[in-house]
Structures are given as C-alpha cells and as structure tokens.
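Below you'll find the structure, written out as structure tokens, and then a few comments.
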Amino acid sequence: MKCPACGHAESKVLDSRPINENASIRRRRECLACQRRFTTYEVVDNIQIMVVKKDGAKEFFDRHKVVAGILKACHKRPVDAEALATEVETEFTNSLRGEVTSDEIGKAVLQKLRKLDAVSYIRYASVYRDFDDIKSFLDELETINNNENK
C-alpha cells in the first residue's frame, strides 16, 4: 500500500478490524520509510451481472425480480424464496461471468425448486416453460411423478 505522505510502497499492518457487518475491513498501517500512520479500507469488488433478455436487451441482475417470481410459485409452500434467490445469485456471481441469459436464471431456479418442492416447481415451470398445451403440461407432471416414485 502506497503511503499517502511520502509515496513509499511498503507499509506494515498494525491493526485490522471487520466493519459494516463483516462486509469490509479497516486496516491501520504504518509506512516503513517515514513511520507515518494511515488507515485503509478493504472491500470486496463484486462483479455486476448483466442479464441478456430473450429479445436481446440487457439489464443489470435484479435479485428482487427473482424473489418475486419464486414467491409467486411458492405461495403457501414451505420454500424460502429469499434463500433460494441468494443461492441462484451466488451461483452466477461465483461463475465470474459478466453476462447470463434470463433463460439460464430460470433454469437455475427450476433446478433448485425441483429438489425442494414439486408443487412450487410445477407452478414456476408452468410460467417459465410456457407450455403450449395441456399435453405438454401433463407430460411434465408425469415426469415429476415418476421421479418422486423412484
């Protein structure tokens, strides 16, 4: 860390403390050249995820939209929509990709709902997959039913 007083590139850390609910770290440093003390703050640099919509438009990832979709599907069901949305967001953030498609987000939610609650899964799938007819909807129900009976 460069000293603000003399510009020397080396310093030693005297004290470190987490701040902002462990979201960042405050460090008290001392320059090895001039012995001047100064404070630095270290924060995680989050990558802002861009979502590519079906029409090609791009917008920033909005966690609230994911939560809202999950809440609709999980109405009166034992599913924590906030936790599920956090899992999906974390998965894409950790992938270090700058862009994801809305389709990928929908598939990630479906995959997690399928493991958690079959009713919520089929509700979400009915909107996300945009079933063309009753037969395709019934086929999906049959697939879920067969998987649950195994």
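I want to confirm something. Restricting to region 51-77 and keeping residues that are more than 15 Å from the chain's Cα centre (by Cα) and of a type in the set (A, V, I, L, M, F, W, C), which single residue is surrounded by the most Cβ atoms within 10 Å (Cβ to Cβ)?
Within region 51-77, the match that is surrounded by the most Cβ atoms within 10 Å (Cβ to Cβ) is Ala73.
Can you tell me which condition Arg36 does not meet? The list is (1) of a type in the set (Lys, Arg); (2) within 29 Å of Thr90 (Cβ to Cβ); (3) in contact with a Pro (Cβ under 9 Å, 6 or more places away or on another chain), and all the others hold.
Arg36 satisfies every listed condition except (2).
Which one is modelled with the highest pLDDT among residues in region 21-50 that are of a type in the set (Ser, Thr, Tyr) and surrounded by 13 or more Cβ atoms within 10 Å (Cβ to Cβ)?
Among residues in region 21-50 that are of a type in the set (Ser, Thr, Tyr) and surrounded by 13 or more Cβ atoms within 10 Å (Cβ to Cβ), the one modelled with the highest pLDDT is Thr40.
Just for region 108-140: of the residues that are loosely packed, with under 14 Cβ neighbours inside 10 Å and within 17 Å of Lys54 (Cα to Cα), which one is modelled with the lowest pLDDT?
Asp130
Taking region 78-107 as the search range and keeping residues that are surrounded by fewer than 17 Cβ atoms within 10 Å (Cβ to Cβ) and among the β-branched types (Val, Ile, Thr), which one is nearest to Ile49 (Cα to Cα)?
Thr93
Could you please find all residues in region 27-50 being under 14 Å from the mean Cα position of the chain (by Cα) and in a strand (DSSP E or B)?
Met50
The values are calculated or read from the model by the stated rules, or taken from the named source; none is laboratory data. What you see is a predicted model; the values in this text were computed from it and never measured. Note: ideal-geometry Cβ built from the backbone for every residue, glycine included; neighbour counts use all protein chains shown.
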